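The values are calculated or read from the model by the stated rules, or taken from the named source; none is laboratory data. Note that the coordinates shown come from a computational prediction; the quantities given were computed from them, not determined experimentally. Virtual Cβ from ideal backbone geometry, glycine too; neighbours counted across all protein chains shown. Ligands, DNA and RNA are stripped out before the accessible areas are found, and what is left, the full protein with its side chains, is counted by its heavy atoms. Shrake-Rupley method; radii C 1.70, N 1.55, O 1.52, S 1.80 Å.
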Amino acid sequence: MRLYPTFFRVCFSWMDAERAHRIGFTLIKAAHSAGAGTLLRRLTGPPAALRTTAMGLSFSSPFGLAAGFDKEGLGIDALADLGFGHIEVGTITGAAQPGNPQPRLFRLVEDRAVINRMGFNNAGAAAVAPRLAAARARLVQRYGALRPLIGVNIGKTKNVELPDALADYLISARALAPSADYLVVNVSSPNTPGLRLLQNVDSLRPLLSGVRAAADESAGRHVPLLVKIAPDLSDEDVDDVAQLALDLALDGIICTNTTIGRTDLKASAEQVAACGAGGLSGAPLKQRSLEVLRRLKSTVGERLALISVGGVETGADVQERLEAGAALVQGYTAFLYEGPFWAARINRELAARNR
């Protein structure tokens, strides 16, 4: 299973990053379509000892796949074969949009990092909703009660002005909540102009309140609602968001999204500059993500579920986040470097550490 890093260097490291992602995701889906899922599930299924509860939901593992890998719900079944306890789809917007011009995804291999300015490229909520409903039904049939869960991450359509952001988010919430196990309001991507301004608590309060009401009404049940925040917030702003989440009785906070920072990288300044603008994810984000998690935990205690993401690569990393107060942990960037058996390896490491 550790052959993948060599495979990556030979087959993918020289290739345009977005093309490599597309090919890799296609191969994962092809394996599922060819009937390999049954065997994969035997090899990658999380040990029973990893079952956990958060937000009133049962997860087969505390480790899941962050938003960004499957932006449109095109491969949920195939990704479920790989051992993730949950798969977060998105970011999905109210209207379809192509995203930013290519190239828009870049690797910093020496840093085990990625810079992206994808720009929420997706088919829109109306197109994604039936895919989610069908995938959820198949997972229920295949796994029963303890299936991999589906999170849905929603964001603002690029050409929608900030004063109209709530109405745009409501389009996604109403369409997608019925098939979501939990819903995430993304106000922290650096790749949609003005989006991060919505992290201001005065803007965030009506947005979250509106989305929560629309989601629950559309689904006919309570859909756990979380907000995803940036690592670039000041500590005081992190505290303000935590207090707002408590005031609104949200179900949780995802910490953190990508960073606009470029400090302490091994890559040369010229290489980093050549990538241009975008959010940095991967190993360099580890320390700040952990700091934000600990700060949030000191404020919210056990009243909210915290999902930690950013720089997670190993079972030890996941365990550290759990011990720091995370209810669940997500990864994405290391998946690109470690390959399809990454989640299964993390699950084995977690189980071994908790014997």
Right, ARG345: assigned to a helix (DSSP H, G or I) and within 30 Å of VAL223 (Cβ to Cβ) or not?
no
The stretch 294-312 residues that are closer than 14 Å to ILE229 by Cα and part of a helix (DSSP H, G or I), paired with ones that are open to solvent by less than 10 Å² (accessible area, probe 1.4 Å) and not aliphatic (A, V, I, L, M) (beta carbon under 9 Å, 6 or more apart)
ARG295/CYS255; LEU296/CYS255
I need the full set of residues from the stretch 302-311 which are open to solvent by 10 Å² or more (accessible area, probe 1.4 Å) and either more than 16 Å from THR256 (Cβ to Cβ) or β-branched (Val, Ile, Thr) (or both), in order please.
GLU302, ARG303, VAL309
Among the residues of the stretch 182-208, count how many are of a type outside the set (Phe, Trp, Tyr), outside any loop (DSSP other than H, G, I, E, B), modelled with pLDDT of 65 or more and open to solvent by less than 10 Å² (accessible area, probe 1.4 Å).
7
Could you figure out which of (1) outside any loop (DSSP other than H, G, I, E, B); (2) under 15 Å from the mean Cα position of the chain (by Cα) isn't true of VAL140?
(2)
Listed residues ARG107, ARG117, ARG112; which is among the basic types (Lys, Arg) and either free of Cβ contacts under 8 Å to residues at least 60 places away in the same chain or in contact with a Lys or Arg (Cβ under 8 Å, 6 or more places away or on another chain) (or both)?
ARG117
Checked pairs for the stretch 17-36, first under 13 Å from LEU74 (Cβ atoms), second of a type outside the set (Asp, Glu) and assigned to a helix (DSSP H, G or I), C-beta under 6 Å and 6 or more apart or across chains, list as ILE28/ALA78; LYS29/ALA78; HIS32/ALA78
Considering residues of the stretch 224-235 that are open to solvent by less than 30 Å² (accessible area, probe 1.4 Å) and without any contact (Cβ under 8 Å) to a residue 60 or more places away in the chain only, the residue nearest to GLY151 (Cα to Cα)
LEU225
The stretch 236-267, residues that are open to solvent by less than 50 Å² (accessible area, probe 1.4 Å), farther than 22 Å from ILE154 by Cα and in a loop (DSSP other than H, G, I, E, B)
GLY261, LEU265, ALA267
Yes or no: the stretch 271-285 includes at least one residue that is hydroxyl-bearing (Ser, Thr, Tyr) and open to solvent by 10 Å² or more (accessible area, probe 1.4 Å).
yes
Exclusive hit being of a type in the set (Gly, Ala, Ser), in contact with a strand residue (DSSP E or B) (Cβ under 8 Å, 6 or more places away or on another chain) and over 21 Å from VAL184 (Cβ atoms), set ALA327, ALA316, ALA283
ALA283
Quick one: which strands (runs of 3 or more DSSP E) sit completely within the stretch 46-125 and have at least 1 residues that are out of contact with any Leu (no Cβ under 9 Å at 6 or more places or on another chain), modelled with pLDDT of 95 or more and open to solvent by 40 Å² or more (accessible area, probe 1.4 Å)?
52-54
Over the stretch 304-313, the set of residues of a type outside the set (Val, Ile, Thr) and under 22 Å from VAL152 (Cα atoms) is LEU304, ALA305, LEU306, SER308, GLY310, GLY311
So how many residues does the stretch 323-345 have that are under 17 Å from the mean Cα position of the chain (by Cα) and farther than 23 Å from GLY279 by Cβ?
2
For the stretch 209-223, which positions are at negative phi and open to solvent by 10 Å² or more (accessible area, probe 1.4 Å)?
SER209, GLY210, ARG212, ALA213, ASP216, GLU217, SER218, ALA219, ARG221, HIS222
Determine the pairs where a residue that is farther than 19 Å from ASP237 by Cα, located within the stretch 278-293, has a partner that is open to solvent by 20 Å² or more (accessible area, probe 1.4 Å) and assigned to a strand (DSSP E or B) with Cβ atoms under 8 Å apart, the partner being 6 or more residues away or on another chain.
GLY278/PHE106; GLY278/ASN116; GLY279/ASN116; SER281/ASN116
Subset of the stretch 342-354, residues open to solvent by 10 Å² or more (accessible area, probe 1.4 Å) and modelled with pLDDT of 90 or more, comes to ARG345, ARG348, GLU349, ALA351
